[in-house]
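Engineer: Quick one: the structure is below, questions incoming.
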Amino acid sequence: MTEPEHPQDAGRYARPHRPLPLPSPGLSWAAHDADPAARRERAYATAVAVLQAGKQDAALAADLVRLDETLGLDALRELWAEPEDDGLPAALWSLYLLRAWLVRQSSEAARIYAAGRGHVPVPDAVAGVPDRPAPGDLAALGDSILSTALRGDPPGAMDRAAAVHRVIACGRFAVSPSEQAQESRLAEGNLRAAARLETAAEAWRAGGTLER
């Protein structure tokens, strides 16, 4: 799912704001994060910084929606993804990973979403997406979900992303028999992602944030 990065876009972050504590495109922090506690601290600090920056500046939020493109998915995975973690960094990583798939594989996403749409009630969280969406509809949905998080409603974005994962899971289960084994495995992953996002949204609403 990796796409070529766009280093030329890095200049879009050169605004008169306090710099975000994020790596430059292509920079690996793995060597600096051998200490699990330090890695966790860095993950939370950067995740909180991204959300706060987006909430305070609408123009910057529009740029941060595309962080998976400007920094690259590998950098975000290294920074935020932790197995079996329901905390804020992992939840934000899940939102960016979903956005990347909806944008980069929009035709596949539209096909699977349409297959699942008839098998599960679609909640208000994803209302507005047509029953038979065009690829652009799913790409726009990915942007919209992240915009929701960056403009001040992270739990709302998590709920929306979870709803999309559940529709996609139903769509994968409905594919042709020749693809069933692979799609079933992917569907299980969608359901796990949905459950973690729902847990994260509940925790945020209970405490106002996601504690370390």
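The values are calculated or read from the model by the stated rules, or taken from the named source; none is laboratory data. Here the structure is a predicted model, which is why all the values come from computation and not from measurement. Here Cβ is always computed from backbone atoms with ideal geometry, including for glycine, and neighbour counts include all displayed protein chains.
Engineer: Does VAL120 fit the bill of being β-branched (Val, Ile, Thr), crowded, with 17+ Cβ neighbours inside 10 Å, assigned to a loop (DSSP other than H, G, I, E, B) and modelled with pLDDT under 90?
Structural biologist: So VAL120 fails the test.
Engineer: Something else now. Could you tell me how many of the residues in segment 125-178 are of a type in the set (Asp, Glu) and farther than 20 Å from VAL65 by Cβ?
Structural biologist: Total satisfying the criteria: 1.
Engineer: From the list ALA114, ALA61, ALA100, exactly one residue is part of a helix (DSSP H, G or I), more than 16 Å from ALA149 (Cβ to Cβ) and touching a Gly at 6+ places or on another chain (Cβ under 9 Å). Which is it?
Structural biologist: After ruling out the rest, the residue left standing is ALA114.
Engineer: Quick one: is GLY136 more than 11 Å from the chain's Cα centre (by Cα), in contact (Cβ under 8 Å) with a residue 12 or more places away in the chain and in a helix (DSSP H, G or I)?
Structural biologist: yes
Engineer: Take segment 52-103 and flag every residue that is of a type in the set (Gly, Ala, Ser) and closer than 16 Å to ALA157 by Cα.
Structural biologist: GLY54, ALA61, ALA62, GLY87, ALA90, ALA91, SER94, ALA100
Engineer: Please go through segment 158-209 and pick out each residue that is over 13 Å from the mean Cα position of the chain (by Cα) and acidic (Asp, Glu).
Structural biologist: Correct list: GLU179, GLU183, GLU188, GLU198, GLU202.
Engineer: Kindly list, by first and then second residue, each pair from a residue in segment 41-66 that is polar (S, T, N, Q) to a residue that is in a helix (DSSP H, G or I), limited to pairs with Cβ atoms under 8 Å and residues at least 6 apart or on different chains.
Structural biologist: THR46/LEU79; THR46/TRP80; THR46/PRO89
For every residue, the table says whether it meets (1) more than 22 Å from ALA47 (Cβ to Cβ); (2) crowded, with 17+ Cβ neighbours inside 10 Å; (3) basic (Lys, Arg).
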{"residue": "GLN105", "(1), (2), (3)": "yes, no, no"}
{"residue": "TYR113", "(1), (2), (3)": "yes, yes, no"}
{"residue": "GLY116", "(1), (2), (3)": "yes, yes, no"}
{"residue": "PRO133", "(1), (2), (3)": "yes, yes, no"}
{"residue": "ALA139", "(1), (2), (3)": "yes, yes, no"}
{"residue": "GLY152", "(1), (2), (3)": "no, no, no"}
{"residue": "ALA187", "(1), (2), (3)": "yes, yes, no"}
{"residue": "ALA193", "(1), (2), (3)": "no, yes, no"}
{"residue": "THR199", "(1), (2), (3)": "no, no, no"}
